[in-house]
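Chemist: Sharing a structure here in structure tokens format.
The values are calculated or read from the model by the stated rules, or taken from the named source; none is laboratory data. If you're wondering where the values come from, they're calculated on a predicted model, not measured in any experiment. Cβ placement follows ideal geometry from the backbone for every residue including glycine, while neighbour counts extend to all protein chains displayed.
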Amino acid sequence: MVFEIDRDRINDVAALDYLCFKEPWDDAEWTRVLENPFARIKGIDDGNGSLAAFCCYVCIFDECEIWKICVREDFRRQGLAGRLLEDMIKEVSAEGPANIYLEVRAGNVAAVRFYEKAGFSRIGRRNGYYGDGEDAFVYILKTGLKQV
Ligand SMILES: CC(C)(COP(=O)(O)OP(=O)(O)OC[C@H]1O[C@@H](n2cnc3c(N)ncnc32)[C@H](O)[C@@H]1OP(=O)(O)O)[C@@H](O)C(=O)NCCC(=O)NCCS
């Protein structure tokens, strides 16, 4: 089940972030996320009270951005990231159409495949976007649009 993460479990999020990303956020960054009224963190437990996956995103009216989505290594390819994304899309679409953006490392094959399978379209590339010089791909998903 997907649940909302607050201050009580932010240390679990930071620990998983550290395991999953080359440039994890420090405590100050996570505190800024918690204090941002437009940001949300959602998680999935591993069944034993530990965090298996989380997704962190921000929505300002109908413009959303996924900041991070990550799954513990031993829980990958079991659909957890898909469930978190589905939950987010359902939530942001509830009030009407929305644009969901994200940036991903150009060499992150798993994430690129994940987002493309989920229907995101690549709309750009930012050269040398990351601290180590790697490029970012920019993706968008338009949700809730009616067919005309
Ligand atoms: C990218 C990531 C979030 C995917 O999580 P996941 O729970 O394993 O993804 P899912 O099980 O929901 O996968 C859905 C689909 O995405 C694609 N996919 C996921 N991981 C993949 C991989 N390693 N290689 C190729 N395709 C992959 C597949 O199409 C998969 O469907 P399938 O398993 O039926 O083939 C996970 O690998 C991760 O945490 N990576 C490290 C953090 C990161 O890079 N986050 C993304 C940038 S913010």
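Chemist: So in the range 107-133, with the set limited to residues that are of a type in the set (A, V, I, L, M, F, W, C) and surrounded by 13 or more Cβ atoms within 10 Å (Cβ to Cβ), which one is nearest to L145 (Cα to Cα)?
Modeler: F120
Chemist: I've got another one for you. Within the range 87-107, is there a residue that is out of contact with any Phe, Trp or Tyr (no Cβ under 6 Å at 6 or more places or on another chain), hydroxyl-bearing (S, T, Y) and outside any helix (DSSP H, G or I)?
Modeler: Yes: the range 87-107 contains one or more residues that are out of contact with any Phe, Trp or Tyr (no Cβ under 6 Å at 6 or more places or on another chain), hydroxyl-bearing (S, T, Y) and outside any helix (DSSP H, G or I).
Chemist: Has the range 109-131 got at least one residue that is in contact (Cβ under 8 Å) with a residue 60 or more places away in the chain and among the acidic types (D, E)?
Modeler: The answer is no, given that none of the residues of the range 109-131 is in contact (Cβ under 8 Å) with a residue 60 or more places away in the chain and among the acidic types (D, E).
Chemist: Within the set of pairs 6+ apart or on separate chains, which have a first residue in the range 81-95 that is within 15 Å of A111 (Cβ to Cβ) and within 13 Å of the ligand (Cβ to nearest atom), a second that is modelled with pLDDT of 95 or more and assigned to a helix (DSSP H, G or I), and C-beta atoms under 7 Å apart?
Modeler: Qualifying pairs under 7 Å: A81/F114.
Chemist: Considering the range 10-23 alone, what residues qualify as being under 18 Å from F75 (Cα atoms) and either assigned to a strand (DSSP E or B) or in contact with a helix residue (DSSP H, G or I) (Cβ under 6 Å, 6 or more places away or on another chain) (or both)?
Modeler: A14
Chemist: Consider R105 against the criteria (1) at pLDDT 95 or above; (2) within 16 Å of the ligand (Cβ to nearest atom); (3) out of contact with any helix residue (DSSP H, G or I) (no Cβ under 8 Å at 6 or more places or on another chain): it satisfies all of them except one. Which criterion is unmet?
Modeler: Tallying (1) at pLDDT 95 or above; (2) within 16 Å of the ligand (Cβ to nearest atom); (3) out of contact with any helix residue (DSSP H, G or I) (no Cβ under 8 Å at 6 or more places or on another chain), R105 fails exactly one: (3).
Chemist: Looking at A52 and the list (1) touching a Cys at 6+ places or on another chain (Cβ under 9 Å); (2) within 12 Å of the ligand (Cβ to nearest atom), which single condition is not satisfied?
Modeler: Condition (1) is where A52 drops out.
Chemist: Let me ask you something else. If a residue has to be in a loop (DSSP other than H, G, I, E, B) and in contact with an Asp or Glu (Cβ under 8 Å, 6 or more places away or on another chain) to count, how many in the range 24-49 make the cut?
Modeler: Total meeting the criteria: 2.
Chemist: From I66, I60, I44, I123, which residue is closer than 23 Å to T31 by Cα and over 15 Å from the mean Cα position of the chain (by Cα)?
Modeler: Only one candidate passes the filter, namely I60.
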